[in-house]
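Asks: Pasting a structure here, questions to come.
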Amino acid sequence: MRLLIMGTGNMASQHATQFAAIEGVELVAGVDTDPVRLNAFCDDHNIPERFETLEAALRWGQFDACANVTPDRVHHCTSMALIAEGKHVFCEKPLATDHRKAAEMTEAAERAGVVNMVNLTYRNVPQLQKARELVLAGALGEVRHVEASYLQSWLVSRAWGDWRTEPRWLWRLSTEHGSNGVLGDVGVHILDFAVFGAATDVTRGFARLQTFPKAEGDAIGDYKLDANDSFTMSVEFANGALGVIHASRFATGYLNTLRLRIFGDKGAIELQHGLDGASLRACIGEDVEAPVWRDVQVEPVPTNYQRFVEAVRMGCNLEPTFRHAANLQKVLDLALLSNGERKEVMAV
């Protein structure tokens, strides 16, 4: 598979490294509007062809698939252009900035018959795959309650850099610079964590979003700091279970931690994933009465990068697809509506 990488910012290096390690994948070209960044990236990853526009790359056309690592706001227009030329697309999350665009991308990809996948990176966590396996096997019985959280602390810590002075963080706090806040940035991750792990979809919910004061006049230079910093969602799932999903950038003491707890009428599981690794515990079977929690052993799973390459080789989609990501985006859009109207909304 001949792969083009579009967008050569921070995340692009992860894509290049992961794809280059897969047998049969050749990194043939890079695209970026910044020629200095483009050339440095391509030099680092031994990529021969360089283009400053997607249009120029498409005229060249000597590639089979594209890793779309552009900013969120241009996922739609760039992916649509690639799909129109019959190119397979591996798109960074979120698929689009709203459900309408995500649905349009999904329908275009399905009509064109191209492989389409979204890089929901926590699908790479073996403990999450195992959690879903236990749910589907009935080890927990009927799922009744779900708790999911994504906790970050970069607004109260300089461990990842200083957001007060660095544009790579400041844009995430400003709607004018393309941010939908913590809901748009990591909301898609924790929502997928919950629905994939619990093997059920959100059908309705009530959401609250909050933007906290962070600087004098709520602005730093050209950045108006108006994007949401924390959100909570009270949801109902298709199987009748209730759940709470929340995320914050003010979670002091947690650099980047995801948690998922799933409770059924016959057992429960608890998953935690952070920068130091992941763990999965279960309280099932006879252990429910004590109660006793035991560590669950897991095996490695294929990464999204590997699944995308395999999907292209087979000529069929593998999860997580554009359609799944579009469904997640619908829930996130409805969370914004729920917050604005202060009422519960239906997701189906």
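The values are calculated or read from the model by the stated rules, or taken from the named source; none is laboratory data. Not measured: the values here are computed from a predicted model. So basically every Cβ, Gly included, is an ideal-geometry build from the backbone, and we count neighbours across all protein chains shown.
Asks: Could you list all residues from segment 216-235 that are assigned to a loop (DSSP other than H, G, I, E, B) and either at positive phi or modelled with pLDDT under 95 (or both)?
Replies: Hits for segment 216-235 are Gly221, Asp222.
Asks: May I pose another question? For segment 18-41, which residues satisfy the criterion of being closer than 25 Å to Gly86 by Cα, in contact with a helix residue (DSSP H, G or I) (Cβ under 9 Å, 6 or more places away or on another chain) and part of a helix (DSSP H, G or I)?
Replies: Gln18, Phe19
Asks: Please specify each residue of segment 137-160 satisfying the condition of being farther than 13 Å from Ala268 by Cα and either in a helix (DSSP H, G or I) or touching a helix residue (DSSP H, G or I) at 6+ places or on another chain (Cβ under 6 Å) (or both).
Replies: Ala148, Tyr150
Asks: Residues to consider are Leu337, Leu318; find the one that is touching an Asp or Glu at 6+ places or on another chain (Cβ under 7 Å) and surrounded by fewer than 21 Cβ atoms within 10 Å (Cβ to Cβ).
Replies: Leu318
Asks: Would you please list the contacts, defined by Cβ atoms under 7 Å and residues six or more apart or on different chains, that run from a residue in segment 90-116 that is closer than 16 Å to Asp72 by Cβ and not assigned by TED's automatic domain parsing to the domain that holds Asn304 to a residue that is part of a helix (DSSP H, G or I) and β-branched (Val, Ile, Thr)?
Replies: Listed pairs, sorted by first residue: Lys93/Val188; Pro94/Val188.
Asks: Here's another thing I want to ask about it. Might you let me know whether segment 59-78 holds any residue that is of a type outside the set (S, T, N, Q), farther than 25 Å from Gly178 by Cα, assigned to a helix (DSSP H, G or I) and touching a residue at least 24 places away in the same chain (Cβ under 8 Å)? Let's see the steps before the verdict.
Replies: Of the residues in segment 59-78, the ones of a type outside the set (S, T, N, Q) are 59-61, 63-67, 69, 71-77.
Checking the rest, the ones that are also farther than 25 Å from Gly178 by Cα come to 59-61, 63-65.
Narrowing further to those that are assigned to a helix (DSSP H, G or I): 59-60.
Those left that are additionally touching a residue at least 24 places away in the same chain (Cβ under 8 Å): 60.
The answer is yes; a qualifying residue exists.
Asks: Can you tell me which residue within segment 33-69, out of those that are farther than 17 Å from Gln18 by Cα and among the β-branched types (Val, Ile, Thr), is surrounded by the most Cβ atoms within 10 Å (Cβ to Cβ)?
Replies: Selected residue: Thr33.
Asks: Being surrounded by fewer than 19 Cβ atoms within 10 Å (Cβ to Cβ), within 24 Å of Lys130 (Cα to Cα) and not small (Gly, Ala, Ser) is true for just one of Asp226, Asp265. Which residue is that? Step through it out loud before you land on a result.
Replies: Numbers: Asp226 fails: within 24 Å of Lys130 (Cα to Cα).
Only one candidate passes the filter, namely Asp265.
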